[in-house]
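Here the structure is laid out as structure tokens; the discussion comes afterwards.
The values are calculated or read from the model by the stated rules, or taken from the named source; none is laboratory data. Small disclaimer: the values here were computed from a predicted structure and weren't measured. Because the Cβ atoms are built from the backbone with ideal geometry, glycine has one as well, and the counts that use them run over all protein chains shown. Keep in mind that these areas ignore ligands, DNA and RNA; they rest on the heavy atoms of the full protein, side chains included. Shrake-Rupley method; radii C 1.70, N 1.55, O 1.52, S 1.80 Å.
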Amino acid sequence: MSADIVLLATVSFISACQQAYFAKLVGKYRMKHKVNPPAVTGPPEFERAFRAQQNCVEFSAIFLVDLWAAGWFFNQGLAAVFGLVYIYGRHLYFHGYVESAKGRLPGFSLCKLSLVCLLVMASAGLSNSLLDKYCDINLISRLQRLIFG
Amino acid sequence: MSADIVLLATVSFISACQQAYFAKLVGKYRMKHKVNPPAVTGPPEFERAFRAQQNCVEFSAIFLVDLWAAGWFFNQGLAAVFGLVYIYGRHLYFHGYVESAKGRLPGFSLCKLSLVCLLVMASAGLSNSLLDKYCDINLISRLQRLIFG
Amino acid sequence: MSADIVLLATVSFISACQQAYFAKLVGKYRMKHKVNPPAVTGPPEFERAFRAQQNCVEFSAIFLVDLWAAGWFFNQGLAAVFGLVYIYGRHLYFHGYVESAKGRLPGFSLCKLSLVCLLVMASAGLSNSLLDKYCDINLISRLQRLIFG
């Protein structure tokens, strides 16, 4: 556990900026295709852009919780790296999805992969903290003793 | 106020996993009913599953803020318990909603109840902290003196 | 950086309550116009209210991350003030949008303005912390020395 959170905060902030940027792009596609609010249906290109943004929103809470749990309870640097991979995956996802429905898949796979890595790190870190606090078992230090003698 | 946040982090993490699971289920209903992205309309079962997931997303920021405010400023253990009740409520809600529109109601009532409890705890804790900081009045310690003499 | 977070938590909590209130209002418009779940299309007034709530949800993660990054790494009081401006902007936005699609614009501009202010504060604070940590350069204290001698 560490009081130092500047890397996690920076990655979260970059992700927030990316989401604001996606919202802006959807607004541009609205104007391009003359889809007046509150409508969310229209030409396929607009619907794909809108759906891409919605999917990012659906996963934003999942991403932030996984990122912070992994970074706080496991390793901040590693969590930040996977966070950046996730953000890059979202970039590929959004722009691929706007091109075609199939185009979303490479980016989505990258996002899923980085989320799974964060999830594994978060599970390990949280389990270790819970065992340490409530059962007085510190797995990570036992492992280190086992490996490094 | 406490630096120890492992219970709140664990409950948030379980909730994030649940949301990822719901997203996966919606993907399965997409394939079952052959609803190709970016479409979000289709057979009633798919639309109910999709709407159930969307409702969970709409409340995820509300839930996380209430959970952490209640746990940080009032009582972590109690907040974690109501957080778990909320997650169980969401489980009932999602699977009930997929069955029928009426089926969402029992789970939703449980979610609302636990959110109200978290909200009351958060209000009490935040009011106490604000009064303590800016007016030098610590209601909780006064109450304790009143009750325990 | 400060361990004291009561203002940021209070603003986040007010924003969560506002979102819960918007969700409740959309439920009322559902009943008024007899739009049965899971449908999300219906009379224009309902669709505008629903879309207004959705837009608030889309921005909630962006808002919370910007608010906390600005408050933690730059200045808590200032971030809280802009957070309250954002919440007031969302109030104008929602009720304006329910009236007419054009009615959303004044509130939305106010939200955008306060988000940009939070974003600038967050960027400045995070850059300063990163430079301080990894390059041993503390811009803010240099600036203060430059100004105050």
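Under a straight-distance cross-link criterion of Cα-Cα below 16 Å, which aspartates and glutamates are reachable from B:Lys112, leaving out those fewer than 8 residues away in the same chain? Straight-line reach from B:Lys112, under 16 Å: B:Glu58, B:Asp66. Treating the angle as unsigned and between 0 and 90°, give the value, to the nearest 10°, between the Cα long axis of helix A:139-148 and the longest Cα principal axis of chain A. That helix lies at roughly 70 degrees to the long axis.
Solvent-accessible surface of chain B, averaged per residue with a 1.4 angstrom probe and all protein chains in place: 48 square angstrom. For the peptides B:54-67, A:13-26, A:32-45, C:60-73, the ranking by packing is C:60-73, B:54-67, A:13-26, A:32-45, with the highest mean count of neighbouring Cβ atoms within 10 Å listed first.
Relative contact order for chain A: what is it in percent, counting Cα pairs under 8 Å that are at least 6 residues apart? Please report the intermediate quantities before stating the final value.
Details: 157 pairs, mean separation 33.3, N = 149.
Relative CO of chain A lands at 22 percent.
Hull volume per residue, based on the alpha-carbon atoms of the range A:5-148 and their convex hull, is 114 Å³. Across the accessible surface of the range A:5-148, with the other protein chains kept in place and a 1.4 Å probe, carbon and sulfur atoms take up 67 percent. Across the range C:55-62, computed HN-Hα scalar couplings (Karplus, 6.51 cos²θ - 1.76 cosθ + 1.60, θ = phi - 60°) run 5, 4, 4, 4, 8, 5, 5, 4 Hz from first to last residue, x flagging Gly and Pro. Among the trypsin sites (Lys or Arg not before Pro) within the range C:53-127, those in coil by DSSP and having at most 12 neighbouring Cβ atoms inside 10 Å are C:Lys102.
Of A:Lys102/B:Lys28; B:Lys34/B:Lys102; A:Lys24/C:Lys28; A:Lys34/C:Lys28, which pairs sit farther than 19 Å apart, going by alpha carbon to alpha carbon? The partial results should precede the final answer.
Working: A:Lys102/B:Lys28 17 Å; B:Lys34/B:Lys102 25 Å; A:Lys24/C:Lys28 30 Å; A:Lys34/C:Lys28 30 Å.
Violating the 19 Å Cα-Cα cut-off are B:Lys34/B:Lys102; A:Lys24/C:Lys28; A:Lys34/C:Lys28.
The distance between label points at A:Asn138 and B:Asn36 comes to 5.7 nm (points 7 Å beyond Cα on the Cα→Cβ vector). Normalising by residue count, the protein assembly as shown has a Cα convex hull of 190 Å³ per residue. Leaving ligands and nucleic acids aside, the C/A contact buries around 1900 square angstrom of accessible area in total at a 1.4 Å probe radius.
When both the range A:53-88 and the range C:94-108 are represented by their alpha-carbon centers, they are found 33 Å apart.
With a sphere of radius 13 Å drawn around the Cβ of B:Ala79, what net charge do the other residues whose Cβ falls strictly inside it have (Lys, Arg +1; Asp, Glu -1)? Combined, the nearby Lys, Arg, Asp and Glu give -2.
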